[in-house]
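Report on one structure; see the data block that follows.
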Amino acid sequence: MTVKVALIGYGAIAQDLFFKVQDDPYLTIKQVLVRHRSCEIVKPLLCSTIEVISSIDDLDDDIDFVLECAGHEALCEYGEAVLRRGIDLGVLSAGALSDINLDTGLRQAAHQSGSKIIVVPGAIGGIDAISSVGKTGLTAVQYTGRKAPLSWKGTPAENVCDLENLSEPFEIYAGTARDAARLFPKNANVVATVALAGIGFDETLVRLIADPFVSRNTHRIEAHGDNVSFSFETCSGTLPDNPRTSALTSQSAYRILKMRSDSFFL
Ligand SMILES: NC(=O)C1=CN([C@@H]2O[C@H](COP(=O)(O)OP(=O)(O)OC[C@H]3O[C@@H](n4cnc5c(N)ncnc54)[C@H](OP(=O)(O)O)[C@@H]3O)[C@@H](O)[C@H]2O)C=CC1
Ligand SMILES: O=C([O-])CC(=O)C(=O)O
């Protein structure tokens with residue numbers, strides 16, 4: 001059986017994922033949802049069998065899985081409608097779930113229709129272990145993220161340091177996962193994933209660092225419980241079309257799609 005997938009967004013992650021999926025006999029990207037103004041730009045980039053849409057109402061009834069790879073705003077705009085249609089939703093913009101109303105709305109929609117929300121681990125490793133132990137088994141979780149200075153352009157980091165001329169690592173944020181997810185919507189989705197898997201947005205402590213010495217995005221988790229402790233570090237180069245996004249993100253998204261199509265899965 002071929003699993004029919006719709007993507008929300010056609011940026012760096014979606015395009016990289018698209019190339020991974022195109023030779024896979026068990027997965028088909030059937031539709032791509034973009035903003036209305038982008039439809040005519042995206043159409044020529046895709047083969048004619050893939051429909052480019054700009055309204056969630058145009059989602060085909062036979063879509064098995066929708067993957068959001070567009071940003072917080074897109075998850076707010078389309079997430080609930082996808083789930084209400086009974087279609088499972090993969091989420092990359094997990095940081096949007098730091099908004100309690102959105103989180104509750106999506107969970108209710110999924111519960112009522114029987115669909116599922118799958119938070120894609122994306123750019124960070126170790127989520128399986130953190131999630132297996134979860135809130136009941138963990139007492140402290142600390143996340144530290146490092147990216148090259150220019151990856152923090154357009155964020156509140158610009159108010160606290162001169163990103164263009166950093167010669168030493170600079171801590172641009174220290175606080176809760178909830179505030180990090182809200183303040184850094186394009187850089188702290190992994191923070192939200194760690195929080196959701198572990199002890200929650202308000203208990204997970206976060207440090208974000210603009211580091212002129214890193215060439216790859218680096219995500220470090222230190223987690224402790226009464227009977228367990230973890231320390232994970234993930235370093236990934238970035239995608240050519242978005243130098244702030246880890247290449248691991250689209251690899252992880254492809255894995256989630258394969259999970260739905262393959263009979264043996266690890
Ligand atoms: N969980 C994880 O590990 C990670 C998650 N992410 C999340 O994934 C998102 C996408 O990342 P990436 O591909 O690198 O970003 P890009 O900026 O390269 O692409 C995002 C695409 O989504 C489109 N888009 C944005 N809003 C909407 C909308 N409301 N409706 C339709 N399309 C929309 C944008 O179009 P336009 O240009 O017209 O706005 C753009 O083409 C990030 O914003 C972030 O939230 C990113 C990295 C890691
Ligand atoms: O791509 C990464 O390394 C992480 C990222 O941007 C995010 O979590 O939003």
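The values are calculated or read from the model by the stated rules, or taken from the named source; none is laboratory data. Note that the coordinates shown come from a computational prediction; the quantities given were computed from them, not determined experimentally. With ideal geometry, Cβ positions are generated from the backbone for all residues, glycine too; neighbour counts draw on all protein chains shown. Protein only, heavy atoms only, side chains kept; ligands, DNA and RNA dropped before computing areas. Shrake-Rupley method; radii C 1.70, N 1.55, O 1.52, S 1.80 Å.
Each Lys and Arg Cβ is given +1 and each Asp and Glu Cβ -1; about its Cα centre, the chain then shows a dipole of about 180 debye.
At a probe radius of 1.4 angstrom, the accessible area of the range 54-149 per residue rounds to 42 square angstrom.
Counting only the backbone N, which residues of the range 102-143 are under 20 Å from the spot 7 Å out from the Cα of residue 1 toward its beta-carbon? Residues passing the 20 Å test: 113-118. Ordering 176, 31, 248 by Cα displacement along the dipole of the chain toward the positive end leaves 248 in first place; charges were set at the Cβ atoms of Lys, Arg (+1) and Asp, Glu (-1). Considering only 214, 91, 141, the mean-square fluctuation computed in a Gaussian network model of the chain, springs between alpha carbons under 10 angstrom, is largest for 214. Charge dipole (Cα centre; +1 on Lys/Arg Cβ, -1 on Asp/Glu Cβ; no other charges) of the range 1-59 amounts to roughly 80 debye. First check a/c for the range 148-266, with a ≥ b ≥ c the square roots of the eigenvalues of its C-alpha gyration tensor; if it is under 1.5, answer rounded, and if not, answer prolate when a/b is larger than b/c or oblate otherwise. It is oblate, given that a/c is not under 1.5 and a/b is not larger than b/c. Taking the Cα centre of the range 13-141 as reference, the dipole from Cβ charges on Lys and Arg (+1) and Asp and Glu (-1) amounts to some 320 debye. Note on the chain: Cα Rg divided by 2.2 N^0.38 Å, N the number of residues, gives 1.00. Here's the picture: charge each Lys and Arg Cβ at +1 and each Asp and Glu Cβ at -1 in the chain, and of 65, 228, 6 the one pushed furthest to the positive end of that dipole is 228.
Shape call for the range 62-197 from the C-alpha gyration tensor, a ≥ b ≥ c root eigenvalues: rounded (a/c under 1.5), prolate (a/b greater than b/c) or oblate? Note, shape of the range 62-197 comes out prolate. Which residue fluctuates the most in the chain, going by a Gaussian network model with Cα springs under 10 Å, if the choices are 94, 140, 192? Sorting by GNM fluctuation, first place goes to 140. Relative to the longest principal axis of the Cα atoms of the chain, helix 127-137 runs at roughly 60 degrees.
Toward the positive end of the charge dipole of the range 154-224, with +1 on the Cβ of Lys and Arg and -1 on the Cβ of Asp and Glu, the farthest Cα among 213, 195, 155 is that of 195. Just the protein heavy atoms count here, and of the accessible area of the range 145-258 at 1.4 Å, carbon and sulfur take up 48 percent. Taking only Cα atoms, what is the 0 to 90° angle, nearest 10, from helix 12-21's long axis to the longest principal axis of the chain? Between helix and principal axis, roughly 50 degrees. What shape does the range 203-266 take by its C-alpha gyration tensor, where a ≥ b ≥ c are the square roots of the eigenvalues and a/c under 1.5 counts as rounded, a/b above b/c as prolate, and the rest as oblate? Oblate is the answer for the range 203-266, as a/c is 1.5 or above yet b/c matches or exceeds a/b. How about the range 93-148: which trypsin sites (Lys or Arg not before Pro) there are in a DSSP loop, with at most 14 other Cβ atoms within 10 Å of their Cβ? Hits after loop and neighbour filter: 116. Take every pair of alpha-carbon atoms less than 8 Å apart whose residues are at least six positions apart; their mean separation over the length of the range 120-266 yields a relative contact order of 34 percent. Relative to the longest principal axis of the C-alpha atoms of the chain, give the angle of the C-alpha long axis of helix 100-113, reported between 0 and 90° and rounded to the nearest 10°. That works out to roughly 40 degrees. Here the Debye sum runs over all C-alpha atoms of the range 1-148 as equal scatterers in vacuum, and log10 of I(q)/I(0) at q = 0.12, 0.19 Å⁻¹ comes out as -0.55, -1.23.
Hey, what number do you get for the chain at 222 nm if only DSSP H runs of n ≥ 4 count, each worth -39500 (n - 2.57), divided across all residues, to the nearest 500?
On the way: 8 runs with 82 residues, N = 266.
Calculated from helices alone, the mean residue ellipticity at 222 nm is -9000 deg cm²/dmol.
Given the pairs 43/147; 153/258; 4/186; 20/135; 4/147; 43/258, which are separated by over 31 angstrom at their Cα positions? Where the Cα-Cα span goes over 31 Å, the pairs concerned are 43/147; 153/258; 20/135; 4/147.
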